[in-house]
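Please read the structure below before turning to the comments.
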Amino acid sequence: MDEGPSKGLYEITLLSQDTRLKGRPKLCSDCGLCDSSYRRLMAQTCVFVNNKTEAIEQRLFGRRRKAGDELLFGIYRAMYAARIPKPPPGAQWSGMVTTLAARLLERGAVDGVITTRAVPGTRFAPQPFLARTPEEVRASAGNKPCLSPTLNLLDEVRNSGVKRLAFIGTGCQVHMLRAAEAELGLERLYVIGIPCSDNVTYPDLQLFLSLISKSPDTVVHYEFMQDFSVWLRHENGHTERVNFIDIPMDKLSSVFPSACLSCFDYPNTLADITLGYMGVELGWQWVLVRTAIGEELFDLLKPELEFGPLTERGNRRNGIGRYVEMLARPPARPPVLIRKLIAFLQRRRGPKGLEFARSVIEMKLLRNLQYVRDRFAKHEARVVPYHVYEALEPYAPAYEQAFEQNLDPATDEVGRLKGRTLHVG
Ligand SMILES: Cc1cc2nc3c(=O)[nH]c(=O)nc-3n(C[C@H](O)[C@H](O)[C@H](O)COP(=O)(O)OP(=O)(O)OC[C@H]3O[C@@H](n4cnc5c(N)ncnc54)[C@H](O)[C@@H]3O)c2cc1C
Ligand code: SF4
Ligand code: SF4
């Protein structure tokens, strides 16, 4: 990757003047489409040019999202807490993603799987890869927590005669893939989605690790956990934990690409099945089966799974109300003892299970909506999808007080809708 590390506070990472990205729109998550011959489809497919979530939902599900959890989690027909009891080596969680994709190849249901393995000699540098054997898929287990231009493999897919494809990827990649789907000449497409938020370029990942870990070079696995801390596992098996509140955001505010700060699909809502972790208790994986193809995928994996309870505890509403105020007037970083207390209270009283997922998704929707308004105001109508305003509606009074602006641009006076019809059925 030739894009360098972040360029300093308040500058935007991954702009079109970066060498490899010349000619791309201002917002770009480097999904790979523009590195392929399908670049010609960019204007119609790129989520940052024109967010097509609503149209793609109509095509996949025949409807929009219902009020309630669908506004945050996307449309789903079943939800589970599950895991593979003995995780395969190298898996990020219990290995459901790579086990499922490997099964598709074993059963002959697909000719290839687009996955992301590590660049040889690195742990985390992403290398998009068209796997043709189950072993190759299994070897790609584990997060490479950086932007990975996976859609650049679409030419290889076409040129190698792959007609039945499984795709593993993040929400932005899945949006572009769905929007281009009809042009790809595939007979069958299985889309396995992973949730994704606040992704970074590889150089910025290294910067992030150097700022939060006592030994960044020995980190072999890390994850933002539901207990409000990052767990970093080291080569010697030791797990280092860093509370979210202790992450030096002042030194990191420029590492997040403007595209990721303008992203509204954390739970990967246009996939056939989403496999993550954030809606369930620690140690389990969160499964959202979305389409009929998603059901087929889930049935393939089911015999290998054990199931846990879907739980929810706590109440996110007050905390998110305070978060809106903090967005408008960011407080100074508290001293270390206060941070320890906050981390303790977050663990003790913070939202758990599904309520945790709701809270983190809402926070990202709010933060990203504000980011678009502050930095890319002209893009709002094209890049912010309908469900954002409906999902955040409970916070409209707090938002309007904090920002002196209506949350929903279709509302010209508090409570009076001008152009948008609220769908609550
Ligand atoms: C940047 C990033 C942020 C994430 N944030 C969250 C989150 O906040 N909440 C949550 O619930 N889940 C999140 N996930 C997903 C989660 O960490 C696991 O990847 C997921 O639960 C699958 O675990 P597994 O053990 O089944 O995967 P495995 O069987 O280990 O397979 C992992 C799969 O991830 C794919 N992959 C790895 N890196 C990338 C990448 N950079 N781009 C595209 N695909 C990749 C590989 O192709 C591989 O197939 C995130 C993933 C990434 C890459
Ligand atoms: S996000 Fe993808 S489709 Fe959009 S400009 Fe970047 S590479 Fe092209
Ligand atoms: S945060 Fe959003 S835009 Fe960025 S890589 Fe993840 S899904 Fe794509």
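The values are calculated or read from the model by the stated rules, or taken from the named source; none is laboratory data. The structure displayed is predicted, hence computed values, not measured ones. Because the Cβ atoms are built from the backbone with ideal geometry, glycine has one as well, and the counts that use them run over all protein chains shown.
State yes or no: is A91 small (G, A, S), touching a residue at least 12 places away in the same chain (Cβ under 8 Å), out of contact with any strand residue (DSSP E or B) (no Cβ under 9 Å at 6 or more places or on another chain) and away from ligand 2 (no atom under 16 Å from the Cβ)? Don't jump to the end; show me each part of the working.
Working: small (G, A, S): yes; touching a residue at least 12 places away in the same chain (Cβ under 8 Å): yes; out of contact with any strand residue (DSSP E or B) (no Cβ under 9 Å at 6 or more places or on another chain): yes; away from ligand 2 (no atom under 16 Å from the Cβ): yes.
Judged against the criteria, A91 is a match.
(1) surrounded by 18 or more Cβ atoms within 10 Å (Cβ to Cβ); (2) more than 16 Å from ligand 2 (Cβ to nearest atom); (3) at pLDDT 90 or above; (4) farther than 30 Å from R107 by Cα: which one isn't true of P216, the others all being true?
(1)
Looking only at residues in segment 32-47 that are more than 13 Å from E183 (Cα to Cα) and free of Cβ contacts under 8 Å to residues at least 24 places away in the same chain, which one is farthest from ligand 2 (Cβ to nearest atom)?
Top of the filtered list is A43.
Which numbered condition trips up T122, out of (1) more than 20 Å from P195 (Cβ to Cβ); (2) part of a strand (DSSP E or B); (3) of a type in the set (V, I, T)?
Condition (2) is where T122 drops out.
Kindly list, by first and then second residue, each pair from a residue in segment 138-158 that is assigned to a loop (DSSP other than H, G, I, E, B) to a residue that is away from ligand 3 (no atom under 16 Å from the Cβ) and among the polar types (S, T, N, Q), limited to pairs with Cβ atoms under 7 Å and residues at least 6 apart or on different chains.
S140/T98; A141/T98
Within segment 186-203, which residues are in contact with a helix residue (DSSP H, G or I) (Cβ under 7 Å, 6 or more places away or on another chain) and assigned to a loop (DSSP other than H, G, I, E, B)?
Start the filter on segment 186-203 by keeping residues that are in contact with a helix residue (DSSP H, G or I) (Cβ under 7 Å, 6 or more places away or on another chain), which leaves 189-194, 196-200.
Passing the criteria: I194, C196, S197, D198, N199, V200.
Restricting to segment 189-206, count the residues that are near ligand 1 (Cβ under 10 Å from one of its atoms), more than 19 Å from G74 (Cβ to Cβ) and crowded, with 21+ Cβ neighbours inside 10 Å.
Matching residues across segment 189-206 total 2.
For residues in segment 239-271 being surrounded by fewer than 15 Cβ atoms within 10 Å (Cβ to Cβ) and touching a strand residue (DSSP E or B) at 6+ places or on another chain (Cβ under 9 Å), which is nearest to R339 (Cα to Cα)?
So, considering only residues that are surrounded by fewer than 15 Cβ atoms within 10 Å (Cβ to Cβ) and touching a strand residue (DSSP E or B) at 6+ places or on another chain (Cβ under 9 Å), the one nearest to R339 (Cα to Cα) is R241.
From the list R107, R103, R158, pick out the single residue that is of a type outside the set (S, T, Y) and either farther than 24 Å from L305 by Cα or within 16 Å of ligand 2 (Cβ to nearest atom) (or both). Show your work before the answer.
Working: R107 fails: either farther than 24 Å from L305 by Cα or within 16 Å of ligand 2 (Cβ to nearest atom) (or both); R103 fails: either farther than 24 Å from L305 by Cα or within 16 Å of ligand 2 (Cβ to nearest atom) (or both).
The match here is R158.
Is it true that some residue in segment 175-182 is at pLDDT 90 or above, assigned to a helix (DSSP H, G or I) and over 25 Å from I273 (Cβ atoms)?
Initially, segment 175-182 is screened for residues at pLDDT 90 or above, giving 175-182.
Adding the requirement that they be assigned to a helix (DSSP H, G or I) leaves 175-182.
Retained after the next criterion (residues that are over 25 Å from I273 (Cβ atoms)): none.
No - not one qualifying residue is present in segment 175-182.
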